[in-house]
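What follows is a set of notes on a single structure, which appears directly below.
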């Protein structure tokens, strides 16, 4: 199969790319599309044969559920059955965070094929805020299932070139919408009724952070990532991983290099004072947020930097830790999974 990459950087190119994407989706084929988080591999969510092609292209196991993206919030009732006691809470959440990088876990509608939800009674749902994705799904007019556009368990793609590297020859079409704004996948929450306020159980940390969710409800972070039957995408203990082994340090004192090995450093700020720069003669280095240590920049560059170091041919990638607060929770979550540990 030949994979075509279409640009969207002018109005005419956008129009042509959207038309091609919609016709490809209507034919039951998957299309890689940019979202504000990472690039997704989209197919018609209510067409089980089309969704099966996502699993085939990604080599994704059938027990790992997908996220369903909606053209408009009014489509929510097509894919989910919201309990009466959570209707007002769901309404507040979508008014505050949709479109955007927040995924809700809700009881699924009978219209959603079991292949999408891995046979679970719940469905993961969100609305993307990326202009290219919005144009495509609005023109298509139906929900799209769209996990990250990479081989299963590998580093998520934040550019069209990364998608082509992962899935070239496996899918017919990629729309190039430039680099993704957030760089890490959406926050996933499950809703529960609380005594005084709703409870949001965070199943995957992401761009929507604890402080934002606390404006509406009580936030609890789940740590059941080692379950063999995940409730949501991105919960497996080993995920987002480069081919090169990755080690996440807690402090500089934890690193004792083997003289016979070549190491690469994934640094947060690239500053000597953090204590990691001089630990060894690094064969390669990538810095997430040079000098400033901004979590938003670090998140945006995380998967790009991991891919860069993965291509260096070193024996091991060594990652500095980041403060496990705010957006740092999402970054550390991805690094722990890339290292294959919680």
Exercise. Of all residues in the stretch 1-20, how many are at pLDDT 95 or above and either exposed (fewer than 15 other Cβ atoms within 10 Å of the Cβ) or in a loop (DSSP other than H, G, I, E, B) (or both)?
Worked result: 13
For this session: Filter the stretch 140-150 for residues that are part of a loop (DSSP other than H, G, I, E, B) and under 13 Å from the mean Cα position of the chain (by Cα) and give the result.
Result: 146, 147, 149, 150
Exercise. Within the stretch 41-62, is even one residue closer than 18 Å to residue 129 by Cβ, touching a strand residue (DSSP E or B) at 6+ places or on another chain (Cβ under 7 Å) and buried (at least 23 other Cβ atoms within 10 Å of the Cβ)?
Worked result: yes
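Yes/no per residue for (1) assigned to a strand (DSSP E or B); (2) assigned by TED's automatic domain parsing to the domain that holds residue 52; (3) surrounded by fewer than 22 Cβ atoms within 10 Å (Cβ to Cβ):
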| site | (1), (2), (3) |
| --- | --- |
| 166 | no, yes, no |
| 169 | no, yes, yes |
| 181 | no, no, yes |
| 185 | no, no, no |
| 191 | yes, no, yes |
| 196 | no, no, yes |
| 203 | yes, no, no |
| 208 | no, no, no |
Problem set entry | Output for the stretch 88-112, where each listed residue is over 22 Å from the mean Cα position of the chain (by Cα) and assigned by TED's automatic domain parsing to the domain that holds residue 148 | 109, 110, 111
For this session: Look at the stretch 269-320 and say how many of its residues are farther than 24 Å from residue 101 by Cα and either part of a loop (DSSP other than H, G, I, E, B) or in the same structural domain as residue 159 (by TED's automatic domain parsing) (or both).
Result: 21
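Go through the residues of the stretch 54-71 one by one and say whether even a single one is part of a helix (DSSP H, G or I), more than 28 Å from residue 302 (Cα to Cα), in the same structural domain as residue 150 (by TED's automatic domain parsing) and at pLDDT 95 or above. Spell out how you get there, then give the answer.
First, pick out the residues of the stretch 54-71 that are part of a helix (DSSP H, G or I): 54-58.
Cutting the leftovers down to more than 28 Å from residue 302 (Cα to Cα) gives us none.
So far as the stretch 54-71 goes, no, none of its residues is part of a helix (DSSP H, G or I), more than 28 Å from residue 302 (Cα to Cα), in the same structural domain as residue 150 (by TED's automatic domain parsing) and at pLDDT 95 or above.
The values are calculated or read from the model by the stated rules, or taken from the named source; none is laboratory data. Worth saying up front: this structure is predicted, and the values here are computed from it rather than measured. Please note: Cβ atoms are built from the backbone with ideal geometry, for glycine as well, and neighbour counts cover all protein chains shown.
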